[in-house]
Every structure is written in C-alpha cells, then in structure tokens.
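A.B. asks: Mind looking over this structure? Questions follow.
The values are calculated or read from the model by the stated rules, or taken from the named source; none is laboratory data. Fair warning: this is a prediction, and the values are worked out from it, not measured in the lab. So basically every Cβ, Gly included, is an ideal-geometry build from the backbone, and we count neighbours across all protein chains shown.
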Amino acid sequence: MRRPAPAESSTVGTFVRGGHLHRIERLRFLGPRAGHDPVRIGLFAGVHGDEPAGPAAVRTFLHALERDPARAAGYELWLYPAVNPEGLKRGTRTNGAGKDLNREFWRGSPEPEVRIIEGELDAGRFDGIITLHADDTCEGHYGYSHGRAMEDALLRPALVAAERVLPRDKRSTIDGFAAREGVICECFQGILGPPPRQWPQPFNLIFETPAGAPIELQIAAHVAALDAVLATYRGFIAYAQNL
C-alpha cells in the first residue's frame with residue numbers, strides 16, 4: 001500500500017481585528033488508495049474558542065493518521081482545527097466581535113471567519129462534514145444526526161466507540177432538544193454545515209464531549225468517534241459496490 005505524504009498545511013483566509021492579524025488554517029491528508037474515488041470529508045473544530053479539546057483532537061487524529069495511514073484509506077480529509085482562532089486565543093466562546101459563530105452560518109453573516117469557512121464549504125463539495133464541540137452542561141458525550149437515517153447510522157457506532165473513553169449522555173433532553181441514547185435529531189439555526197444549495201447533501205455530524213471531563217479523555221473520545229465514522233462509512237461504500 002502506498003504510504004501517503006504528510007499532511008499539507010495552508011492558510012485559507014486571514015482577517016484583522018483589533019490591530020491583530022488572524023489566520024484560518026486548513027490541513028489536507030490524502031489516505032491510501034481504495035477501490036473508489038477518494039471520499040472528501042471536512043472536519044471542523046474550534047468554532048467556540050472555549051472548547052480546546054476539539055482543536056487538539058483534530059491534530060492528534062492527524063498525527064495518528066500519519067503514523068497509520070490505513071485508518072484513512074479511501075479518504076481525502078480536509079481539516080480545519082481553528083475556525084475561531086481569535087476566540088481560541090482568548091478562551092472565549094464568541095469571536096472578537098462577540099458573535100457566536102455557530103449561529104451565523106448561511107445567514108448572510110459579515111463575520112470574516114464565517115465567510116472564509118462558507119467559501120471552503122462551497123468549494124469543497126464535501127461528501128461528509130464532521131464538527132467537534134464540547135458542552136459544559138452535558139453528563140457525557142452525545143451527537144446530532146439531524147434526523148437523517150445515514151447520519152444516525154454513522155453517529156451511533158461513533159458514540160459506542162467513544163463510550164470506551166467517556167460515558168454517554170443518555171438523558172431524554174440534552175441541550176434543550178429531545179434525545180434518545182445520546183442522539184439528537186434537531187439543531188439550532190445558523191450552525192456550521194453544508195451549503196443549503198448543495199445536492200446531494202453530504203452527511204453532517206456533530207460530536208460533543210463533556211467540557212468538564214479531563215481534556216485528554218475528551219481528545220481520546222473525539223478520536224475514537226472519528227475512527228468509527230470513517231470505518232462505518234467505508235463499510236457502506238463496500239456494501240454499495242457489491243450490490
């Protein structure tokens with residue numbers, strides 16, 4: 001099996017606020033070839049600056065892939081570890097303008113971070129989107145499947161995998177939404193997601209860890225969930241090829 005080159009790093013956009021220059025980084029990792037065209041996945045973290053586990057998990061996951069590329073066989077991964085670089089530096093949920101970026105997407109927002117990432121989502125035409133978050137009100141990890149069967153089928157194995165590291169939040173209401181076994185089918189408006197006009201729509205998963213848990217356990221749970229999503233989707237592709 002051909003060993004992939006190390007991940008490529010580039011700056012996809014910069015902006016100035018408060019006299020300081022901020023940049024948004026993109027990392028690209030092309031896994032070993034499989035029996036199909038590479039599946040393009042966008043992985044996003046750091047939308048909220050007070051959730052450091054997601055950005056750390058993206059980099060930890062990437063380093064793991066560089067050591068063991070077979071984990072990403074058949075995938076082209078585009079990783080954005082710091083959607084809200086200013087918030088991450090300040091340790092604040094919002095960006096430097098006081099905006100919760102996860103309420104701004106696809107609503108004509110003037111926020112530069114949103115416009116940069118919307119451009120990436122438009123150009124990327126991803127087959128799947130995964131966003132990592134942490135929740136300081138939850139009792140364990142959980143996720144959003146947006147009520148789509150494919151997303152539900154991908155999310156549930158990810159929750160099982162992460163449960164080896166952290167408990168799952170099994171309450172009937174999480175984050176104000178009805179939940180079942182850690183799966184939520186509704187979501188807030190304006191979250192980071194695929195362009196509304198993209199067709200077919202990619203799968204779109206949100207994975208949340210409990211913010212109060214030790215960060216190393218949150219990172220491990222995120223990585224376990226990501227591995228499970230890639231493995232499960234790869235199984236779907238193999239099944240479809242054999243029909």
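A.B. asks: (1) closer than 30 Å to Q241 by Cα; (2) hydrophobic (A, V, I, L, M, F, W, C); (3) in contact with a Ser or Thr (Cβ under 9 Å, 6 or more places away or on another chain): which one isn't true of L79, the others all being true?
C.D. replies: Failing condition for L79: (3).
A.B. asks: Filter region 21-37 down to residues that are farther than 16 Å from L77 by Cα and either of a type in the set (K, R) or within 23 Å of the chain's Cα centre (by Cα) (or both), then give me how many there are.
C.D. replies: Applying the first criterion (farther than 16 Å from L77 by Cα) to region 21-37 yields 21-24, 35.
When the remaining residues are screened for being either of a type in the set (K, R) or within 23 Å of the chain's Cα centre (by Cα) (or both), the result is 22-24.
Adding up the residues that qualify gives 3.
A.B. asks: Please state which one of L217, L226 is in a helix (DSSP H, G or I) and free of Cβ contacts under 8 Å to residues at least 60 places away in the same chain.
C.D. replies: Numbers: L226 fails: free of Cβ contacts under 8 Å to residues at least 60 places away in the same chain.
Only one candidate passes the filter, namely L217.
A.B. asks: On to the next question. Considering E208, E186, which residue is modelled with pLDDT under 95 and either under 30 Å from D122 (Cα atoms) or in a loop (DSSP other than H, G, I, E, B) (or both)?
C.D. replies: Sole residue among the options that is modelled with pLDDT under 95 and either under 30 Å from D122 (Cα atoms) or in a loop (DSSP other than H, G, I, E, B) (or both): E186.
A.B. asks: Same structure, new question: If A179 passes every condition in (1) over 18 Å from A53 (Cβ atoms); (2) within 17 Å of the chain's Cα centre (by Cα); (3) surrounded by 19 or more Cβ atoms within 10 Å (Cβ to Cβ); (4) of a type in the set (A, V, I, L, M) but one, which one does it miss?
C.D. replies: (2)
A.B. asks: Of all residues in region 225-243 being touching a Leu at 6+ places or on another chain (Cβ under 9 Å) and modelled with pLDDT of 95 or more, which is surrounded by the most Cβ atoms within 10 Å (Cβ to Cβ)?
C.D. replies: It comes out as A225.
A.B. asks: Which of the residues belonging to region 145-168 are of a type in the set (V, I, T) and outside any loop (DSSP other than H, G, I, E, B)?
C.D. replies: Result: V160, single match.
A.B. asks: Across region 123-151, what is the total count of residues that are closer than 20 Å to D37 by Cα and acidic (D, E)?
C.D. replies: Residues of region 123-151 closer than 20 Å to D37 by Cα: 123-130, 150.
Adding the requirement that they be acidic (D, E) leaves 127.
Result for region 123-151: 1.
A.B. asks: If a residue has to be over 17 Å from the mean Cα position of the chain (by Cα) and assigned to a strand (DSSP E or B) to count, how many in region 91-144 make the cut?
C.D. replies: 0
A.B. asks: For E111, only one of the following conditions fails: (1) surrounded by fewer than 14 Cβ atoms within 10 Å (Cβ to Cβ); (2) over 23 Å from L226 (Cβ atoms). What is its number?
C.D. replies: Every condition holds for E111 apart from (1).
A.B. asks: What is the residue count in region 51-72 for residues that are among the hydrophobic types (A, V, I, L, M, F, W, C) and either within 22 Å of T92 (Cα to Cα) or surrounded by fewer than 17 Cβ atoms within 10 Å (Cβ to Cβ) (or both)? Talk me through it step by step, then tell me what you get.
C.D. replies: Going residue by residue through region 51-72, those that are among the hydrophobic types (A, V, I, L, M, F, W, C) are 53, 56-58, 61-62, 64-65, 70, 72.
Subsequent filtering for residues that are either within 22 Å of T92 (Cα to Cα) or surrounded by fewer than 17 Cβ atoms within 10 Å (Cβ to Cβ) (or both) retains 53, 56-58, 64, 70.
Going through region 51-72 one residue at a time, the tally reaches 6.
A.B. asks: Quick check: anything in region 51-63 free of Cβ contacts under 8 Å to residues at least 24 places away in the same chain and not in a helix (DSSP H, G or I)?
C.D. replies: No: region 51-63 contains no residue that is free of Cβ contacts under 8 Å to residues at least 24 places away in the same chain and not in a helix (DSSP H, G or I).
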